[in-house]
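Have a look at the structure below before the remarks.
The values are calculated or read from the model by the stated rules, or taken from the named source; none is laboratory data. If you're wondering where the values come from, they're calculated on a predicted model, not measured in any experiment. Here the Cβ positions follow ideal geometry from the backbone for every residue, glycine too, while neighbour counts run over all protein chains shown.
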Amino acid sequence: MDDWSAVRVAGSLLAAERSRTARTSIQHEWPGLSLDVAYAAQDIALADRRARGETVTGIKLGLTSRAKQKQMGVDEPSVAWLTDAMVLPAGVPVPRERLIHPRAEPEIAFVLGRPLAGPGVTAATALAAVDHAMAAIEIIDSRYSGFKFTLADAVADNNSSGVYVTGSVIRDVANVDFGLEACLLEIDGDIVATATGSAVLGHPAEALAFAANTFGARGITLEAGWVVLTGGMTDAVPVEPGSRVAAHFTTLGSITIAGG
């Protein structure tokens, strides 16, 4: 087809999200879906969200771990947006009525203390911009059937954004070795995955630097106060109705979410 565009891509994925109806890969239908077009679609979708009253709360990285890249069949990370509509307050169950096929992944979250802009951001300069760190569980929800997509598909779909919850434990970045920070992911009391922060591009600060440089190439500065979800440390695990998901970190505390 030759009538695809960034606007049509964004509209198709927003429609799938609103109707909770999964679709096939856009790039399969339209090989012309490049990363540049996918990021343009992502920004068009963000403008639509803002027009509906949502505000930006931060950014998220996807496909930062080798486990996730292998699971999804891609070989590089990507970035996307977070808004207040994606924030899941502590104690609130997974909003299944909004999602198609939710999956959970534990993450290390940073909150920026000052603006951060690429290019040229290193892991060290990125970490210096962080005010504090928290544990997080992201409930991702791809708009593609069976979570089957290309990198460009994922970018256009805002990196499978769903909802996210952050933990109550706040840590100064100087007091945590994020590469060694470990996490156990449990479903209904059974440990289903384990990882350390080194699974995220070798160190979560590398993910933050990648995000700052990638957004910087688009003329976007990461703002003070923004939450940065640095990417899933483990494979994403399906969240079934009635289940309980828990993530236990070495120093960042624990988070538990009811599956809804």
*Would you point out which residue out of Ala124, Ala80 is within 22 Å of Asn213 (Cα to Cα) and within 16 Å of the chain's Cα centre (by Cα)?*
Ala80
*How about the stretch 21-44: which of its residues are under 15 Å from Phe149 (Cα atoms), more than 19 Å from the chain's Cα centre (by Cα) and among the hydrophobic types (A, V, I, L, M, F, W, C)?*
Ile26, Trp30, Leu33
*Hey, does the stretch 211-232 have a residue that's more than 18 Å from Val165 (Cβ to Cβ), at pLDDT below 95 and in contact with a helix residue (DSSP H, G or I) (Cβ under 6 Å, 6 or more places away or on another chain)?*
no
*Might you let me know whether the stretch 198-212 holds any residue that is of a type in the set (A, V, I, L, M, F, W, C), in contact (Cβ under 8 Å) with a residue 60 or more places away in the chain and either surrounded by fewer than 15 Cβ atoms within 10 Å (Cβ to Cβ) or part of a strand (DSSP E or B) (or both)?*
yes
_Residues that are among the aromatic types (Phe, Trp, Tyr) and in contact (Cβ under 8 Å) with a residue 40 or more places away in the chain, at least 1 per element: which strands (runs of 3 or more DSSP E) completely within the stretch 219-260 meet that?_
244-249
*Taking the condition touching a strand residue (DSSP E or B) at 6+ places or on another chain (Cβ under 6 Å), touching a residue at least 60 places away in the same chain (Cβ under 8 Å) and either acidic (Asp, Glu) or surrounded by fewer than 22 Cβ atoms within 10 Å (Cβ to Cβ) (or both), does Arg96 pass?*
no
*Select from the stretch 53-71 the residues that are on the phi < 0 side of the Ramachandran plot and without any contact (Cβ under 8 Å) to a residue 12 or more places away in the chain and list them in ascending order.*
Gln69, Lys70
